[in-house]
Amino acid sequence: MEGEEDLICQSCGMPIKNRDDLGIEPDGKKSLDYCNYCYMRGKFIEPDLTLKDMIETCAKKYDQMGIMPYKQAIEINLQVIPELKRWKYNFK
Ligand SMILES: [Zn+2]
């Protein structure tokens, strides 16, 4: 993706490095806001997920993937995730 290296999912905060990781809009186009773990065919895959759930789920994922320890991931996610579009504007 030219010039879009800083794209992060506006739901989970994961960097989207590959076009194949982008979510899909209802018309079949790629979403430039969300990853395909969060968003498919114009809808959130887990619409009832709360902000707290997302922060904890992502921290666990970062820990499991060896990116950073759980506690550190929680601290970062607490700052990053509430600022993402899904949570900031309370999209459903
Ligand atoms: Zn995501």
**Study point:** Rg/Rh ratio calculated on Cα atoms of the chain (Kirkwood radius)
**Key:** 0.96
Practice item. Pick out, in residue order, every one of the GluC sites (Glu not before Pro) in region 1-80 that is DSSP loop and has at most 11 other C-beta atoms within 10 Å; say none if there are none. Key: Glu2, Glu4, Glu5
Exercise for review: Restrict the search to the chain; then list the chymotrypsin sites (Phe, Trp or Tyr not before Pro) that DSSP places in a loop and that have at most 13 other Cβ atoms within 10 Å of their Cβ.
Suggested key: Tyr89
Exercise for review: Report ³J(HN,Hα) in whole Hz for each residue of region 85-91, in order, from the Karplus equation J = 6.51 cos²θ - 1.76 cosθ + 1.60 where θ = phi - 60°; Gly and Pro get x.
Suggested key: 3, 4, 8, 4, 9, 6, 5
Check your understanding: Relative to the first principal axis of the alpha-carbon coordinates of the chain, what is the inclination of helix 70-80, with its axis defined by its Cα atoms, in degrees from 0 to 90 and to the nearest 10?
Key -> 50
Practice item. Mind pulling the angle between the C-alpha long axis of helix 51-64 and the longest principal axis of the chain? Nearest 10 degrees, somewhere in 0 to 90. Key: 80
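Any read-out appearing in this document is the output of simple, stated calculations on the displayed coordinates, not a laboratory observation. What you see is a predicted model, and the numbers here were worked out from it, not measured in a lab. Neighbour counts are summed over all protein chains in view; Cβ atoms, including those assigned to glycine, are modelled from backbone coordinates with ideal geometry.
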